[in-house]
Amino acid sequence: MSEFGGILVYIELDRNLNIIPVSLELLSKSVELAQKLENKTVSALVIGRCDDYAPIIQTLKETGASKVIIAQDDRLREYITQNYSKTACRIINEQKPEIVLIGATCQGRDLAPRISTSLNTGLTADCTGLDINEEGKLAATRPTFGGQLMATILCKTYPQMATVRPNTFKAVQNNNENTTVEYIDLSNEVFDNKIELLNFVKKFKSDTGNLSDYEIVIGCGKGIATEKGIELAKELAKELKAGLGASRAAVETGAFSKSLQVGQTGVTITPKLYIACGISGAVQHIVGIENSEKIIAINKDENAPIFKSADYGIVGDFFEIAPHLIWKIQELNKGNYDA
Amino acid sequence: MNIVVFIKQVPDTTDIKWTENNTIDRNGLESILNPKDGVALETALRLKDRYGAKVTAVTMGPFQAEAVLRLALAMGADDAFLLTDRKFSGADTVATARVLAQLIKDKLGDTDLILCGQVAIDGETGQVGPSVAAQLNIPQLTYVDEILMFEDNKLTVKKETEQYIETISAELPVLICVNSELEPRLPKIDGYIKAQQYCCNTVNMEGLTIEQDKVGLKGSPTYVSKVFKPENKHQGETENFSADSAAAAWHLKEKIIDYMGLRK
């Protein structure tokens, strides 16, 4: 039997010291995966410097962590790759988890390969599926070649590491009554100062906010990226209480901000319903929407590839359909189901 | 100043065709310079234009990969290294990074700045850059949008993450993964001529002080156990309502009620 056991999840904090969603998504998934492992310990590793860890510990406990490991030091107040990597490596070497999972965010993608290389182990990037195979090994599945091919990757060494795309799994409440908390003393650790954060500014929040907050997302394609088209899409979004996203082609027209881009090079979304309007349906876009529960497509071109990835497709002109649909949804909102 | 740019020849993934056995049909698949590596090259060449520097392009791959080095030379790179050996093939990101890092140690010596593209369009891992930095034990900066200043022993960059734009300074040497949308320059005629006449340095296993079990498929901790076409979870009917927009809207409304569970 291997000396390695259990799963360790890296918990990323934002600048307001809130846990970012993907960390909790991974914690939930780990609790599920651990059922198939001999050692069912799921540890949550928090690196940084907070004044009050109580709310963080509470959230991690409620999401099912069996152990919370807190590595705190004033010098870790800001994320610096080498310092965080050094800290994480030290803890992984002490705890010896068989699996380490990290969210595929800008920070996670920066940190994970640094850790895996230092530990001389393997790392699978940007996974969209995780499982434990018959041999008890982590089977990490990821899209490659622009989403046109899926690959399941195994790792020969320990710990087996993976970064996972945000919004791939759901975070669920699963209170752990026996969570233990361990504080790591880093006062003797030597950190170097070759990197210095001079300043940071928060980016403007897109006018619709975070797309993952919506049950319905309306995707705008190049086909409707005109003033009139956007106006209609916005009105429809308002009636449906939906978020507004865009394809890469639509973003490239300049009509939508880059932060609204959905797909391989943008964000992945998993709403209950995605309504693709005037989107042709390049694979790179499909990768970002395929985990939506349902997909509706509206396109003038009956040969548009989007129809092959839609639960329901309408061949028709969005500019003509939208006004009717907006009215019907307004009626629906008043309780009239038959408009 | 010495700048090294890691570049990669990739298949043009925007145009992939499938064989009957669900494998990628590599026949007629065009090879291109990975787009973000073109950005990294352009970034290096602008630093050379502004501050003066020697720019060395490095790639690992089969002999044909020399094409991207010739392109780099034509654009204005000063030197080029091709890492090629059958023993290198099948490498995952760590095994690839070991070879790249070893080339720096064995052949390139003092390097002030290493530039890479943030991600390649084929593998899309974004891991090789940070892995090289880890092996050389130098700092790294990823998701870099712009190099604002480049001095004797220091540089300042603008980095863009999900929510923030950060200004960061780093001591040299440093490895940077660039993620901007810079348009790489087109080579000029004399650049092409220079590139044609230039003899790229070719390095194989014997040229590096690295053990065989650290490179290629054998030296890779990860391996692909299965590849498959993504399953399509959304295969429904499509109806043509180009002639009747009101009917189209009615059907859409019904589906929305249905999918969102709004039925009374």
* Structure fact -> Taking region A:103-113 and keeping residues closer than 22 Å to A:Thr144 by Cβ and part of a helix (DSSP H, G or I) leaves A:Cys106, A:Gly108, A:Arg109, A:Asp110, A:Leu111, A:Ala112, A:Pro113
* When you scan region A:45-69, how many residues do you find that are open to solvent by 10 Å² or more (accessible area, probe 1.4 Å) and part of a strand (DSSP E or B)? -> 1
* To do: Among the residues of region A:295-322, count how many are touching a Ser or Thr at 6+ places or on another chain (Cβ under 8 Å) and either at the interface with chain B (Cβ under 7 Å from one of its Cβ atoms) or open to solvent by 10 Å² or more (accessible area, probe 1.4 Å) (or both).
  => 16
* **Sole exception among (1) within 21 Å of the chain's Cα centre (by Cα); (2) facing chain A (nearest Cβ under 8 Å); (3) exposed (fewer than 12 other Cβ atoms within 10 Å of the Cβ) for B:Pro221, by number** => (3)
* Residue selected from region A:118-137 under the condition within 23 Å of the chain's Cα centre (by Cα) and within 7 Å of chain B (Cβ to nearest Cβ), by the criterion surrounded by the fewest Cβ atoms within 10 Å (Cβ to Cβ) -> A:Asp126
* To do: Would you mind stating whether A:Ala151 is part of a strand (DSSP E or B), surrounded by fewer than 20 Cβ atoms within 10 Å (Cβ to Cβ) and facing chain B (nearest Cβ under 7 Å)?
  => yes
* Asked: Mind checking whether some residue in region A:155-172 is farther than 24 Å from A:Gly288 by Cβ and of a type in the set (Phe, Trp, Tyr)?
  -> yes
* From the set of residues in region A:190-227 that are at pLDDT below 95 and closer than 16 Å to A:Glu320 by Cα, which is surrounded by the fewest Cβ atoms within 10 Å (Cβ to Cβ)? -> A:Glu227
* Within the bounds of region B:225-233, is there any residue that is facing chain A (nearest Cβ under 7 Å), among the acidic types (Asp, Glu), open to solvent by 90 Å² or more (accessible area, probe 1.4 Å) and closer than 30 Å to A:Thr141 by Cα? -> no
* Asked: Looking only at region A:17-44, which residues are basic (Lys, Arg) and in a loop (DSSP other than H, G, I, E, B)?
  -> A:Lys36, A:Lys40
* To do: Scan region B:83-115 residue by residue and report those that are more than 13 Å from every other protein chain (Cβ to nearest Cβ), part of a helix (DSSP H, G or I), out of contact with any Leu (no Cβ under 8 Å at 6 or more places or on another chain) and more than 27 Å from B:Glu151 (Cβ to Cβ).
  => B:Arg86, B:Lys87, B:Phe88
* Test: B:Glu162 is in a loop (DSSP other than H, G, I, E, B), without any contact (Cβ under 8 Å) to a residue 24 or more places away in the chain and crowded, with 19+ Cβ neighbours inside 10 Å -> no
* Subset of region A:11-42 that is within 20 Å of the chain's Cα centre (by Cα) and open to solvent by less than 10 Å² (accessible area, probe 1.4 Å) - its residue that is farthest from A:Glu177 (Cα to Cα) -> A:Val22
* May I ask you to verify whether B:Thr202 is part of a strand (DSSP E or B) and more than 14 Å from every other protein chain (Cβ to nearest Cβ)? => yes
* Asked: Which of the residues belonging to region A:228-251 are in a helix (DSSP H, G or I), touching a residue at least 12 places away in the same chain (Cβ under 8 Å) and open to solvent by 50 Å² or more (accessible area, probe 1.4 Å)?
  -> A:Lys228, A:Glu235, A:Arg248
* Among residues of region A:95-114, those that are crowded, with 24+ Cβ neighbours inside 10 Å, of a type in the set (Val, Ile, Thr) and either facing chain B (nearest Cβ under 8 Å) or more than 26 Å from B:Ile165 (Cα to Cα) (or both), counted -> 2
* **Residue satisfying condition, being more than 9 Å from every other protein chain (Cβ to nearest Cβ) and surrounded by 15 or more Cβ atoms within 10 Å (Cβ to Cβ), within set B:Ala133, B:Ala195, B:Ala170** => B:Ala195
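The values are calculated or read from the model by the stated rules, or taken from the named source; none is laboratory data. Keep in mind it's a predicted model, so treat the numbers as computed, not measured. With ideal geometry, Cβ positions are generated from the backbone for all residues, glycine too; neighbour counts draw on all protein chains shown. Ligands, DNA and RNA are excluded from the accessible area calculation, which covers all protein heavy atoms including side chains. Shrake-Rupley method; radii C 1.70, N 1.55, O 1.52, S 1.80 Å.
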